1. Checking residue 27 against (1) in contact with an Asp or Glu (Cβ under 9 Å, 6 or more places away or on another chain); (2) open to solvent by less than 40 Å² (accessible area, probe 1.4 Å); (3) more than 27 Å from residue 96 (Cα to Cα); (4) at pLDDT below 85, which test does it fail?
2. With the condition kept exactly as written, say whether any residue in segment 28-40 is over 32 Å from the mean Cα position of the chain (by Cα) and free of Cβ contacts under 8 Å to residues at least 24 places away in the same chain.
3. Criterion first (in a strand (DSSP E or B), open to solvent by less than 50 Å² (accessible area, probe 1.4 Å) and at pLDDT 80 or above) does residue 54 satisfy it?
4. Among the listed residues 240, 224, 219, identify the single one that is in a loop (DSSP other than H, G, I, E, B), over 22 Å from the mean Cα position of the chain (by Cα) and either surrounded by 13 or more Cβ atoms within 10 Å (Cβ to Cβ) or not acidic (Asp, Glu) (or both).
5. Taking segment 41-51 as the search range and keeping residues that are over 30 Å from the mean Cα position of the chain (by Cα) and either hydroxyl-bearing (Ser, Thr, Tyr) or on the phi > 0 side of the Ramachandran plot (or both), which one is surrounded by the most Cβ atoms within 10 Å (Cβ to Cβ)?
Amino acid sequence: MDTEPERSAMRIIAENRRGVLRDIATVVADHEANIVMINQEVFDSGPFCGMAELYFEYDNDDPSDRDTLIEDMPFGDIFGKRVIIIGGGAQVAQVALGAVNEADRHNIRGERISIDTIPLVGERTLAHAVDAVARLPRASILVLAGSIMGGDISRAVDRVREAGIPVIALKMAGTVPEHADLVVTDPIQAGVFAVMQRAVSVLSHDGLIVYPTDTIYGLGADALSEEAIYKVYEVKKRPLGMPVSIAVSDFEMLDAVGRLEPWMYGNAYRRFSPEAPVS
């Protein structure tokens with residue numbers, strides 16, 4: 001049985017002038033794709049007033065050709081990677097806050113990073129949205145924010161990772177954290193890590209990174225990976241009997257990686273600001 005071609009969609013905001021639709025249709029045809037639905041309007045107000053919006057859906061027998069088709073479009077600007085944030089509640093906004101702040105620093109240096117937030121609730125709805133990430137143009141990483149996720153969402157996460165898109169999950173109830181590439185407790189830090197995608201990929205594969213702190217640069221690794229910890233000792237030529245510090249974002253994460261006697265909490269709280277990382 002022949003497989004159904006993959007359907008994709010594209011939304012373009014362009015100058016309202018003669019020949020734009022022809023140029024776009026020519027590129028689609030050159031890639032042997034078939035436009036099955038199209039809608040176009042002209043903005044009569046707002047920041048794009050006078051410009052045209054074109055939305056179309058197309059079938060393509062070769063899903064791997066999608067990025068090349070986009071690159072061949074007659075766009076004035078093609079933006080770089082997209083960070084996709086899906087979930088519900090205030091945590092989505094916190095993840096976006098961290099991601100936008102970090103993306104601003106990268107974009108000033110000439111990178112092109114955009115942040116997309118998709119607030120959703122419900123297992124079935126979330127699972128469908130996660131599956132759709134693999135079909136989004138320029139989607140480079142997915143962050144899942146919520147209090148509980150599992151079931152169909154976890155299986156969708158596996159499919160997204162198989163498509164080559166890494167997944168970050170907040171520490172939450174359910175099975176999604178077990179299927180993600182990286183689990184982060186602090187939502188703002190999750191947004192920062194999403195933008196710093198290369199670092200996340202290195203950490204999730206037991207590698208080492210160099211990162212700035214408030215005073216010096218630090219050598220970072222996954223504190224829960226025995227292989228990564230040994231690499232830290234090897235690079236620093238540090239005796240195995242000499243301990244290294246673990247940075248945690250809050251006391252909940254501290255409980256997950258170490259033991260703190262009840263009488264010690266008061267001293268720790270007075271010593272460290274609740275908003276600051278604890279090490």
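The values are calculated or read from the model by the stated rules, or taken from the named source; none is laboratory data. Quantities reported herein were computed from a predicted structural model and do not represent experimental measurements. Counting neighbours? That spans all protein chains shown, and the Cβs are built from the backbone with ideal geometry, glycine included. These accessible areas exclude ligands, DNA and RNA; they are computed on the full protein's heavy atoms, side chains included. Shrake-Rupley method; radii C 1.70, N 1.55, O 1.52, S 1.80 Å.
1. Going through (1) in contact with an Asp or Glu (Cβ under 9 Å, 6 or more places away or on another chain); (2) open to solvent by less than 40 Å² (accessible area, probe 1.4 Å); (3) more than 27 Å from residue 96 (Cα to Cα); (4) at pLDDT below 85 one by one, residue 27 breaks only (4).
2. no
3. The answer is yes for residue 54.
4. Going through 240, 224, 219 in turn, just one is in a loop (DSSP other than H, G, I, E, B), over 22 Å from the mean Cα position of the chain (by Cα) and either surrounded by 13 or more Cβ atoms within 10 Å (Cβ to Cβ) or not acidic (Asp, Glu) (or both): 240.
5. Step by step, filter segment 41-51, then rank; the result is 50.
Conditions (1) open to solvent by 50 Å² or more (accessible area, probe 1.4 Å); (2) farther than 22 Å from residue 94 by Cα, marked per residue:
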{"site": "164", "(1), (2)": "yes, yes"}
{"site": "171", "(1), (2)": "yes, no"}
{"site": "176", "(1), (2)": "no, no"}
{"site": "182", "(1), (2)": "no, no"}
{"site": "188", "(1), (2)": "yes, no"}
{"site": "194", "(1), (2)": "no, no"}
{"site": "203", "(1), (2)": "no, yes"}
{"site": "206", "(1), (2)": "no, yes"}
{"site": "211", "(1), (2)": "yes, no"}
